[in-house]
Amino acid sequence: MITKDTITPKEIYLKRRELMQAAGVGIAASMLPTLPAYAADDAEKLTPKESITTYNNFYEFGTAKDEPAINAKNFVTKPWEIDVGGLCERPQKISFDEFFAPFKKEERVYRLRCVEGWSMVIPWTGVNLYDLLSRFKITGDAKYVAFETLHDPERMPGQKSNVLQWPYREGLRIDEAMHPLTFMATGLYGEDLPPQNGAPMRLVVPWKYGFKSIKSITKITFTDKQPETSWNLSNPQEYGFYSNVNPNIDHPRWSQATERRLGEIFKRDTEMFNGYGDQVASLYKDMDLAKNF
Amino acid sequence: MAIKKSKIALFTISLLPVAWLVYGVFANKLGANPIEYIIRDLGEWGLRFLLLTLCITPLRVMGQWPSLAQYRRMLGLFAFFYVFLHLTIFIVVDLSGSMSALWHEIVKRKFITVGMLAFIILIPLAITSVNKIIKRMGAARWKTLHKGVYVASILAVLHFYWMAKADKTEPLIYAAILAVLLGYRVYAAWAKSRKKKTV
C-alpha cells in the first residue's frame, strides 16, 4: 500500500491525475496563464473559476456551499460606499470608485486555506491594502484595523438567521494590515468579483484561515483595541483573533495538519502560514502561537 | 425460493443513492469538492437508512401493517453498507489509508470517536442478520443484541452534530426524528408494563 511516508503528496497527486485521465474521467480544463511574481508556486495549478464561484462560505447568502452563487445573483454592489474612520487624520465616507481611483489594479495569485480543511489557488485582481489606506493618514496610536461587512438583511437574506452575529466583523493587527501580502481584491480571473466571492471588494490575507478574508466591506476603522471578529464571537475556543494557518494547532474538533486542495483526491500537508512563512513569520517572532491562535 | 418482487424493488431503490454519486462524479455534478460531497452524502444515507429501520416497528404496530417487518433486515444492511462506504472512502482519501492516522483521529476527535463506536456496534448487527445465525441465537438473545441500534443511532446523530461547523439545523432535524422514534419505544415499554400491572 502506498502510504504518505513513502511518496511525497505531489507525486501521489500527479499519479492519481494520470490514472484518472487514463480512465477517461473529465478534469476541468487547466488554466495556466503566465503567473506573476506573487504566484504561489510555479507548479501550483489555479483552481478553476467554476469551483471558486460555486463553492463559497458566505453565510449572508446561506450556509450551504452552493447557496451564495444562487442567492447572491441579484446582489447590487453599485453604488458602494466605505466608511473609513477611527484613529486617522482623514476619516470619511468614500465611494468605491474614489477609493480605488488613484491605484493601478494588479493580479495576485494566492492560496486560500479554509479553516474547514480545503484550499484553492485563486488569481485575484486588486490593490495592496497598504497603498489603499495610506491616504487616510493613520495616527500613531492605531494598533489594529477593524473591518465590517454590509449589514442589510433585505439584500443579504442569510442575515435573517442568527448563525452568526451580524454584521460580519474582522480585524488585523496594524502590521498585518500593512504587510505587502495583504490585498484588497476587486476581481478574480480578470473579471469583477462575482457577488458570491464578496463583491465589490474583499480582503485577502493568504497566510490566515479564509474566514479572516472578509467580504463585501463597508466599514474600515483604525483602533487601539483588538477588534471583535465574528467567528471568535461565535465560538472563542475554536476561532481566535490571529487564526494563522498552522498545521501544529488543531481546531478543537478536527485536525489542521492536512487539507484538500480542490481538484485533488488525496489530502496534502498543510504548510505553516499557508506557505507564506518566509514573508510573515517575523510578525509573530516572539508570540506563543498556541495561545494566540 | 423465488425472491419477492417487492424486495427486489426495495433493493434497487436502495442502491439509487450510491448510483447517483457514481453518476455525479463522472458527470461533474457534485460541485467543487466532490469528495466532501460523497463522504457526507454516504454518511447521511447511512443515518437515513438507520432511521428507516427504526420506523418499521412503530408503523407495523400503530399502522397495523405487519408485512413491513420483512423489509427491516434489508434496510438495516443498507444502512451498514452506506456507513461502511462512508468510513472506507474517508480512510482512503482523507487519511491516505493510514491506520495510525485513523487511530489518532479516533482518539483525538470526539465526533470521530462516536462515529467509529456507532460503526463498531453495527458490525455484529450486520453479521447476525443471517437466518442461520438468528436461529442459533434464538429470538430473545438476538432481540437484545439488536437493541444496540438505538445506541448506534444516537451516536450517529451526535457524530453529525459535532462535525457540523456552525449551522446545526440538519443534525437537529435528524435528532428530532430520532427522538420521536426512540420515544415510541419508551411509550411502548411503558404501555406494556401498565398492561402487566392491570392483569
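Any read-out appearing in this document is the output of simple, stated calculations on the displayed coordinates, not a laboratory observation. As the structure is a computational prediction, the values presented were derived from the model and not from experiment. For neighbour counting, all protein chains shown are included, and Cβ atoms are generated from backbone atoms with ideal geometry for every residue, glycine included.
Numbers below:
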{"read-out": "Scattering profile of segment B:90-154 at q = 0.21, 0.25 Å⁻¹ [log10 I(q)/I(0), Debye over alpha-carbon scatterers]", "value": "-0.83, -0.98"}
{"read-out": "Spin-label zone in segment B:107-123 - amide nitrogen under 14 Å from a point set 7 Å from the Cα of B:Leu145 along the C-beta vector", "value": "B:121-123"}
{"read-out": "Relative contact order (%) - criterion: Cα under 8 Å, at least six apart; region: segment A:134-210", "value": "24 percent"}
{"read-out": "Förster radius 25 Å - calculated FRET efficiency between B:Tyr161 and B:Tyr187 (Cβ-Cβ, nearest 0.05)", "value": "0.55"}
{"read-out": "Estimated inter-spin distance, B:Arg194 and B:Met99, nm [label 7 Å along Cα→Cβ]", "value": "5.3 nm"}
{"read-out": "In order through segment A:237-246: 3J(HN,Hα) via Karplus (6.51 cos²θ - 1.76 cosθ + 1.60), integer Hz, x for Gly, Pro", "value": "6, 9, 10, x, 5, 6, 6, 6, 4, 8"}
{"read-out": "Cα convex hull of segment B:74-199, projected area averaged across orientations, nm²", "value": "10.2 nm²"}
{"read-out": "B:Ser96 long-range amide H proximity, modeled H, under 5 Å", "value": "A:Lys267"}
{"read-out": "Cα-based convex hull volume of segment B:1-73 per residue, rounded to whole Å³", "value": "108 Å³"}
{"read-out": "Residue with peak Gaussian network fluctuation, chain A [Cα springs, cutoff 10 Å], from A:Glu191, A:Glu228, A:Glu44", "value": "A:Glu191"}
{"read-out": "Anchor A:Lys78: lysines whose Cα lies under 21 Å away (excluding residues fewer than 8 positions away in-chain)", "value": "A:Lys93, A:Lys104, A:Lys105, A:Lys215, A:Lys219"}
{"read-out": "Förster radius 30 Å - calculated FRET efficiency between A:Glu50 and A:Ala257 (Cβ-Cβ, nearest 0.05)", "value": "0.60"}
{"read-out": "Averaged over A:54-65, number of beta-carbon atoms from partner chains that fall within 10 Å", "value": "2"}
{"read-out": "Kirkwood-Stokes translational diffusion coefficient of segment A:86-237, alpha-carbon pairs, 25 °C, 0.890 mPa s, µm²/s", "value": "154 µm²/s"}
{"read-out": "In sequence order, calculated HN-Hα J values of segment B:152-167 (Karplus, 6.51, -1.76, 1.60; Hz; x Gly/Pro)", "value": "4, 5, 5, 5, 5, 5, 5, 4, 5, 4, 6, 7, 5, 5, 9, 7"}
{"read-out": "Out-of-range pairs (alpha-carbon distance over 32 Å; input A:Lys267/B:Lys29; A:Lys225/B:Lys108; A:Lys267/B:Lys132)", "value": "A:Lys225/B:Lys108; A:Lys267/B:Lys132"}
{"read-out": "Value of Rg/Rh across segment A:226-268 [Cα atoms, Kirkwood radius]", "value": "1.07"}
{"read-out": "Cross-link partners of B:Lys135 among lysines (Cα-Cα below 18 Å; sequence separation of 8 or more within a chain)", "value": "B:Lys143, B:Lys147"}
{"read-out": "Segment A:212-293, relative contact order in percent, only Cα pairs under 8 angstrom and at least six apart counted", "value": "24 percent"}
{"read-out": "Rule-of-thumb Rg ratio for chain A [Cα; 2.2 N^0.38 Å; N residues]", "value": "1.00"}
{"read-out": "Relative contact order (%) - criterion: Cα under 8 Å, at least six apart; region: chain A", "value": "19 percent"}
{"read-out": "At 1.567 mPa s and 4 °C, Stokes diffusion of the protein assembly as shown via Kirkwood alpha-carbon radius, µm² per second", "value": "51 µm²/s"}
{"read-out": "Diffusion constant of segment A:130-187 at 25 °C, which comes from Stokes-Einstein with the Kirkwood Cα-pair radius and 0.890 mPa s, µm²/s", "value": "181 µm²/s"}
{"read-out": "Separation of the A:Arg90 and B:Met62 label points, Cα + 7 Å toward Cβ, nm", "value": "7.0 nm"}
{"read-out": "Cβ-based charge dipole, the protein assembly as shown, positive-most Cα from B:Ala176, B:Thr53, A:Gly190", "value": "B:Thr53"}
{"read-out": "Low-density loop cleavage sites - trypsin sites (Lys or Arg not before Pro) in segment A:56-122, where at most 15 other Cβ are within 10 Å (DSSP)", "value": "A:Lys73, A:Lys104, A:Lys105"}
